[in-house]
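Here's the structure we're looking at; comments come further down.
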Amino acid sequence: AGVGADGNLFCMSTASTTRFIFDKEGSGHADVEWVAFSDQRLKSNAAPCPYGINAVVALTPRIFDKESAYIEGGQVVLEGNKRRMLGFYAQDVIAQMPELVKQVDTSTSFYSLDYGRFTPVLWKAVQELHARLEAAERSIAA
């Protein structure tokens, strides 16, 4: 109560540590970055990424007003606090790449999309386009 839209709900720092701030809008902030463990020793059942250029072009990037909300009694309650943003609908992404969307009970929560996990898909799409370009260049040179 009483915290403005960009006010901090939680701030952890001292003169000798990095700051971590969580604001009312739901954003997390750090002095440097958020990182996740990506050590090969933690991974099993690995296979090449099945998604590439076809999955990328199947999604529609959008610009929209995103409203903060909560769910009460199975109903979405919009709080009237909007921000203009770019992104995707999680429901569209789940149809193409379900691993990028957190599965939830929609009567109690909202779908979450980790945009950072698009990186391997985009990387593969670039590799596929690069291979096509090289093939076209070889064809022209022949």
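The values are calculated or read from the model by the stated rules, or taken from the named source; none is laboratory data. Fair warning: this is a prediction, and the values are worked out from it, not measured in the lab. A quick note on method: Cβ atoms are made from the backbone with ideal geometry, for glycine too, and the neighbour counts reach across all protein chains shown. Side chains are part of the model used for accessible areas, which takes the heavy atoms of the whole protein and leaves out ligands, DNA and RNA. Shrake-Rupley method; radii C 1.70, N 1.55, O 1.52, S 1.80 Å.
Does GLU128 fit the bill of being open to solvent by 100 Å² or more (accessible area, probe 1.4 Å) and part of a helix (DSSP H, G or I)? Can you show your working first?
Values: open to solvent by 100 Å² or more (accessible area, probe 1.4 Å): no; part of a helix (DSSP H, G or I): yes.
Against the criterion (open to solvent by 100 Å² or more (accessible area, probe 1.4 Å) and part of a helix (DSSP H, G or I)), GLU128 does not qualify.
When the test is whether a residue is at pLDDT 90 or above and among the β-branched types (Val, Ile, Thr), ILE21 does not pass it.
Among the residues making up segment 78-98, a single one is of a type in the set (Asp, Glu) and modelled with pLDDT of 95 or more: ASP92.
Looking only at segment 84-100, filter to residues that are among the aliphatic types (A, V, I, L, M) and over 22 Å from VAL126 (Cα atoms); which one of those is most open to solvent (accessible area, probe 1.4 Å)? Per the criteria, the residue is MET85. Just one of (1) of a type in the set (D, E, K, R); (2) out of contact with any helix residue (DSSP H, G or I) (no Cβ under 8 Å at 6 or more places or on another chain); (3) over 24 Å from ILE71 (Cβ atoms) fails for GLU128. It is (2).
What residue, of ASN54, ASN81, is polar (S, T, N, Q), open to solvent by less than 100 Å² (accessible area, probe 1.4 Å) and at negative phi?
Numbers: ASN54 fails: open to solvent by less than 100 Å² (accessible area, probe 1.4 Å).
Among ASN54, ASN81, only ASN81 is polar (S, T, N, Q), open to solvent by less than 100 Å² (accessible area, probe 1.4 Å) and at negative phi.
Scan segment 57-77 for residues that are of a type in the set (D, E, K, R), modelled with pLDDT under 95 and either part of a loop (DSSP other than H, G, I, E, B) or loosely packed, with under 10 Cβ neighbours inside 10 Å (or both) and jot them down. Let's see the steps before the verdict.
Going through segment 57-77, the residues of a type in the set (D, E, K, R) turn out to be 62, 65-67, 72.
Retained after the next criterion (residues that are modelled with pLDDT under 95): 66-67, 72.
Correct list: GLU72 only.
Residue count for segment 19-51, restricted to those that are open to solvent by 90 Å² or more (accessible area, probe 1.4 Å) and not aromatic (Phe, Trp, Tyr): 14.
If I filter segment 108-124 for residues that are among the aliphatic types (A, V, I, L, M) and exposed (fewer than 14 other Cβ atoms within 10 Å of the Cβ), do I get at least one hit? Reasoning before the result, please.
Quick first cut of segment 108-124, residues among the aliphatic types (A, V, I, L, M) only: 113, 121-122.
Checking the rest, the ones that are also exposed (fewer than 14 other Cβ atoms within 10 Å of the Cβ) come to none.
No, segment 108-124 contains no residue that is among the aliphatic types (A, V, I, L, M) and exposed (fewer than 14 other Cβ atoms within 10 Å of the Cβ).
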